[in-house]
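*Asks:* Just passing along the structure, written as structure tokens.
All of the numbers you see were taken from the coordinates with simple rules; none came from a lab. Source: prediction; values computed, not measured. Here the Cβ is made from the backbone with ideal geometry for all residues, glycine too, and neighbour counts use every protein chain on show.
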């Protein structure tokens, strides 16, 4: 049934032609071929089909014809053109004239010239056009990049190839070896967009890209880490420095009050389920990043689609932008085998300097004196029982080790102009900065095959990524040890772990284990067929299958017997699979002076996730804790959903003269995340661009090589909410809880079948300028987005029995901002080149409207008119010099203890004020150096911010600013006096106040890459290519932040700085 | 024209097929509303869900919190260290945003939601076995009454929510305590009719007819309906299935003959039995107890020879020389199979209810004899036959204190309902004490989300 519908659609799109006269009357002087074509089309109804690029080589035409048969007219027109044509049905196809070997000449000097054409990396380039300057004679290269032609010495050969700079070579003696440089004008680059690709110059929307070189230069596990600082509008922060952990990704600000604000990820054209496979089992550093299943080395490019114009084709999932990841494909040519190995070491970027034992004990004694208390063995073992001299640097001991990483990749690629393949395998091992022997290990296989028939009408491609990883980690982040007393004993006199009261021993948690195994298969493919000239039908599809097994063991020996926690093992087992099928029709045709292209398609998608967490305890012994069957008690928790998604979508693009471009998108989406009556939503956009530098009146400005204005407006949505909030149902209680022989059911939720899509209305305007033959490129864009119908948890008064229900709320979130990037080609000489690119984003976020906020849980968190990312807390005023107690602002001016929420002020904004990156690429002969600085201007909570921070003087160590604490009447300071009880210095207020909120800006030398190309020596040992290199990540950080790290903030394992060295070679 | 009609056909077929494609089934971890009260098994699970929610976790309301934290609020229990969440109870300085003031309210109303959903679903169902339907409906109404009994005793007037329709329940104002009690009595009477004499599976972990009587006896006592209280308590005491167990160490065992209604221990991973034992009994041989019995107000007040001191309290002298006592009615921290369940209603209380009801009706001898039953079990001599009514009432208060300490806030509620709180607790709680402290504040969050709610006296700003 669906296929029938599809075919009907195909039929609808097939424009029927009417019969017209086959004679033409034309009188043209010095006209372009396009003008001729349009005259012919008008009179005969014949359509012309051609690549606009081809017409550039065409000569102007002067012709006069009166009622001339079409055929002879065309012959006349094309006589002196480097072009040929053929007629089929009612379409005239324009193609280049076949290159014929030059006619044998009487000149005896003519000789056979041979040569090879390769890219800068030495890969042979097939299909390159070689022409003898000033003649039509020439040749093309074969699969191995080799060519042969007859020429005279002194002839100049013009070598041209799409995507490469044209080059001229003078024929001399011997074989020619020609290396083509890639065309460096970023404007001619093809970028990946939703359901297609486009040339950057003619884009109407906002798209930023990261290329494989920059990804490959970063010694990281997750592709997201390689994108930090490189994309305007995209703010990425690490959650932890442990390998494989998640990142926070925000594109152009937080649109939604719910936390779901990540972009949609699309891999090779197929939407990817960007969801961690972890069950709720805790693990240090948090869940595993779903993108860690993708090997950065297998990525060809990443294009980030930002505005409505670029994203609306993804409709309901596009509110937070779309990240298009394209994996590597095979290259035509003889089989090339590449190997790449690197290895290196890493450490945490920073450790926090703390008080020494002597300083700490002094502060403790002072605290007891201040409180008029006598230390006892119960409240002050650190003063009375523990060593008074031992000085442990817990951070050094637990997170201060050196981790190492090794990655090895082997790939083979090759093929013909018709069929290309790539096969690669990568192994990566990365250890951690913890003292245990912990590691993240990953093996990935990547396969890509694409084929097209000889006449290019039929083609297909398939690619598959298989990843298996093993993560040996710990159940919890060890960074919390930073505040342990520096004289805390690890072992008691009996040689066993020392336990005080209900404290956690600092070393015991290291004997707990967390292991996970992930298997991920991501496959996708496409089959396309050109049904009629200009009309292509294709079906893309994808299938993913991911499983994750987790096991966390807490052995009894790692537990304080005082606490009631039981020795247990948590087993996690999650399976997820998904498929997507997307039939599409693409139609391209020249209409008038422009090109029209139309895309229409539908999409069916299903995701199923089936997870189980089993908590097992009562093992017969510690050595059996990894065997589920040996547990005496097992509790199971299930997690299951089935998600389906269905859409129709379309796009129309009209490009007139390459100067005026109009683009419109439409998508209608249905999602099972909504009640049956609210499943469907319509989204769309319109975008336009004007390349004013191509206007004749602008051509006089020789310094302006490119100028474009673009703008777009559209609506996109978000369905990123729970799966079943509309469904009235009861959920099973924990299956192990049997009560009087029966399991339990409890109501799942207050179901609301009424809620519907959250919609973002986005507009954008931009200008792109190129100066001095595009050696300077500047882009500036302003974006504005209003997201309404906010899908939130409507809080209910507790007497209802549930805390809330999912509903739309009449709240509007505004995101607006500036994005700019500037690329300059500072020096371009034969042996030395230097380019610089800088990008900056200035985002602004505002809760524009939220009627009735006072009736929701959000009233304590948000303020209308302020950003969603504000942080509220108490306003610290001063530490009273008389008694060392802090004083806070209160609404009633009493100066006493402030009241939670009532006396809150806005401390600051957790979103950066601006952020960006600065990249420099230098090349001298065979040496290349790239380095990237990332900069972020922001505020954040310092290490003593948060409900878990402890007062100065309690049995916890403090940072070195504690030395500035109030000690005697008259001391002027911001640090309160030492005390043994939080309440004495209102520390429970202080730790949520402006006193511990401050500047968290930083500049980070994110990436440095140094490469030395030794290929010229390598050829002697039959290697095509040999490069040695060194890379570094997070090498230097400049910050005034009071805490461990301004990127991760709080008490977490900070990112690591890594230095690696490697070698890359090709056969 | 033809093209347009084709497009319309296309769009129509596509939309039809798509809607079908999007009709996904109920996830396998859930049961659709329409199926819950359709089968005996699902309906039983729905009612069972109430008990499981009450007892699956600690520190919500039932088990440890109502047994020990309510004891801290009274004069029988205190906590080992300073902990603000508990100290507000100890020092009678509860605030509308105190953790447990809000947590109890939220937890009990969530149980009431499930009970209401069961009452609605069971009433509407036509496919259940009639006898089972009655049993389950009786259980749901019993539990609803049980929850409201605690709500009115903790918070005073409370919203009387009897529906799952949030559009109705979210606006309800506080209902007069007497009206809430009327509903409690109505539910318990209905439950008494609906429930059978026996426990469905022989385990005393679901209410039966006797449990309904026992709860009615308590409610009548609290409402000063002495004759009715006596009648109901007599019905329980006269039932041969129950007895005042001689062996104090057996009273709190699962399915003991003293038990009228217990909550089964369900979260028994690691061999855990009741939460009470898990929390109260020190973790190892050298550790001190966390929830401690008050030495001055309770331990030293036991009459000499009271067997309950020896059998129902635990004691330990720490290295520092200090001696601490803990509530040891529950004795089994870990054991498989489970040996103890959390007691909700037991015979001891019924004797005390009847004693008080009789004495109030001037049946002094009968009342005294009920008190003596309790005293004899505790190895204490009988009361002096010459005691007057006020003296006997004083004896009831005292006997309840030693029999029911660290159980479901009995002591706290007793002092309140007999207007003795200020006399007894005032001196103990210190300067913060006010007569209005007998009621909790209405949670701040509840008021801020339902503007129809008012605050209790003594907690208004």
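*Asks:* How many nm is it between the label spots at residue A:374 and residue A:391, if each spot is 7 Å from the Cα in line with the beta carbon?
*Replies:* 3.2 nm
*Asks:* Can you compute the helix-only [θ] at 222 nm over chain A? Use -39500 (n - 2.57) per DSSP H run of at least 4 residues, normalise by all residues, nearest 500 deg cm²/dmol.
*Replies:* -2000 deg cm²/dmol
*Asks:* Given the alpha-carbon gyration tensor of the range B:268-345, what are the semi-axes of its equivalent ellipsoid in whole angstrom, ordered largest first, with each equal to the square root of 5 times an eigenvalue?
*Replies:* Working through the eigenvalues yields semi-axes of 23, 17, 9 Å.
*Asks:* In terms of the Cα gyration tensor, with a ≥ b ≥ c the square roots of its eigenvalues, is the range B:118-213 rounded because a/c is under 1.5, prolate because a/b exceeds b/c, or oblate?
*Replies:* Note, shape of the range B:118-213 comes out oblate.
*Asks:* Can you order the peptides B:91-101, B:146-156 by their average number of other Cβ atoms within 10 Å per residue, highest first?
*Replies:* In descending order of packing, they fall as B:146-156, B:91-101.
*Asks:* Something else: Quick one: length gained pulling residue B:422 to residue B:436 fully straight, 0.36 nm per residue minus the C-alpha distance?
*Replies:* 4.1 nm
*Asks:* Can you give the FRET efficiency for residue A:988 and residue B:80, using 1/(1 + (r/R0)^6), R0 = 25 Å, r = Cβ-Cβ distance, to the nearest 0.05?
*Replies:* Step by step, r from the Cβ atoms, then E = 0.75.
*Asks:* Using alpha carbons only, how many angstrom separate the centre of the range A:209-261 from the centre of the range B:403-426?
*Replies:* 60 Å
*Asks:* Cα centroid distance between the range A:574-602 and the range A:714-736, in Å?
*Replies:* Between the Cα centres of the range A:574-602 and the range A:714-736 lies a distance of 31 Å.
*Asks:* Principal axes first, then extents: for the Cα atoms of the protein assembly as shown, list largest minus smallest coordinate on each axis, whole Å, largest first.
*Replies:* Computed over the protein assembly as shown, the largest-to-smallest principal extents equal 148, 80, 63 Å.
*Asks:* So what's the angle, to the nearest 10 degrees on a 0 to 90 scale, between helix B:226-237 and the longest Cα principal axis of chain B?
*Replies:* 90 degrees
*Asks:* Rounded to the nearest 10 degrees, what's the angle between the helix A:33-44 long axis and the longest principal axis of chain A, both from Cα atoms, 0 to 90?
*Replies:* Once rounded, one gets 70 degrees.
*Asks:* How much length is gained on full extension from residue A:833 to residue A:920, taking 0.36 nm per residue of separation minus their Cα-Cα distance?
*Replies:* In short, 30.3 nm is gained.
*Asks:* Between residue B:250 and residue B:131, what FRET efficiency comes out of the Förster formula 1/(1 + (r/R0)^6) with R0 = 30 Å and r the beta carbon distance, rounded to 0.05?
*Replies:* 0.40
*Asks:* Could you tell me the distance between the Cα centroids of the range B:116-170 and the range B:64-114, to the nearest Å?
*Replies:* First find each Cα centre; the distance between them is then 25 Å.
*Asks:* Please average, across the residues of A:742-755, the number of beta carbons from any other chain that are within 10 Å of each residue's own beta carbon, and give a whole number.
*Replies:* 6
*Asks:* Once you place label points 7 Å from the Cα toward the Cβ at residue A:543 and residue B:361, how far apart are they in nm?
*Replies:* Each label point is offset 7 Å from its Cα along the Cβ direction, giving 7.9 nm.
*Asks:* A follow-up question, please. Okay, helix-only estimate at 222 nm for chain B: each DSSP H run of n ≥ 4 adds -39500 (n - 2.57), divide by all residues, round to 500 deg cm²/dmol; what do you get?
*Replies:* My calculation for chain B gives -15500 deg cm²/dmol from helical runs alone.
*Asks:* When ranked by the protection proxy of mean other Cβ atoms within 10 Å per residue, highest first, what sequence do the peptides A:284-293, A:943-952, A:617-626 form?
*Replies:* A:284-293, A:943-952, A:617-626
*Asks:* Restricting the count to DSSP beta bridges whose residues both fall in the protein assembly as shown, what percent are antiparallel, rounded to a multiple of 5?
*Replies:* Of all bridge pairs located within the protein assembly as shown, approximately 95 percent are antiparallel.
*Asks:* Could I ask something else about it? Average partner chain C-beta neighbours within 10 Å, per residue of B:446-454?
*Replies:* 4
*Asks:* Given the Cα-Cα distance of residue A:581 and residue A:682 and 0.36 nm per residue of separation, how much length would full extension add, in nm?
*Replies:* 34.4 nm
*Asks:* Label-point separation (nm) for residue A:901 and residue A:480, each offset 7 Å from Cα along Cα-to-Cβ?
*Replies:* 2.7 nm
*Asks:* How much FRET efficiency would the formula 1/(1 + (r/R0)^6) give for residue A:140 and residue A:181, where r is the Cβ-Cβ distance and R0 is 22 Å, rounded to 0.05?
*Replies:* The formula returns an efficiency of 0.70 here.
*Asks:* Which angle between 0 and 90 degrees, to the nearest 10, do you get for helix A:2-13 versus the longest principal axis of chain A when only C-alpha atoms count?
*Replies:* Orientation of helix A:2-13: about 50 degrees from the principal axis.
*Asks:* What does the highest-first list of A:800-807, A:69-76, B:108-115, A:194-201 look like by mean Cβ count within 10 Å?
*Replies:* Ranked from most to least packed, the peptides come out as B:108-115, A:800-807, A:194-201, A:69-76.
*Asks:* A further question follows. Rounded, prolate or oblate: which fits the range A:20-96 when a ≥ b ≥ c are the square roots of the eigenvalues of the alpha-carbon gyration tensor, with rounded for a/c under 1.5 and prolate only if a/b beats b/c?
*Replies:* Here the range A:20-96 falls in the oblate category.
*Asks:* When a/c is below 1.5 the answer is rounded, else prolate if a/b is larger than b/c, else oblate, so apply that to the range A:111-180 with a ≥ b ≥ c taken from the square roots of the Cα gyration tensor eigenvalues.
*Replies:* It is prolate, given that a/c is not under 1.5 and a/b is the larger ratio.
*Asks:* To the nearest whole number, what is the average tally of beta carbon atoms from other chains within 10 Å of the beta carbons of peptide B:50-57?
*Replies:* Neighbouring Cβ atoms belonging to other protein chains average 4 per residue here.
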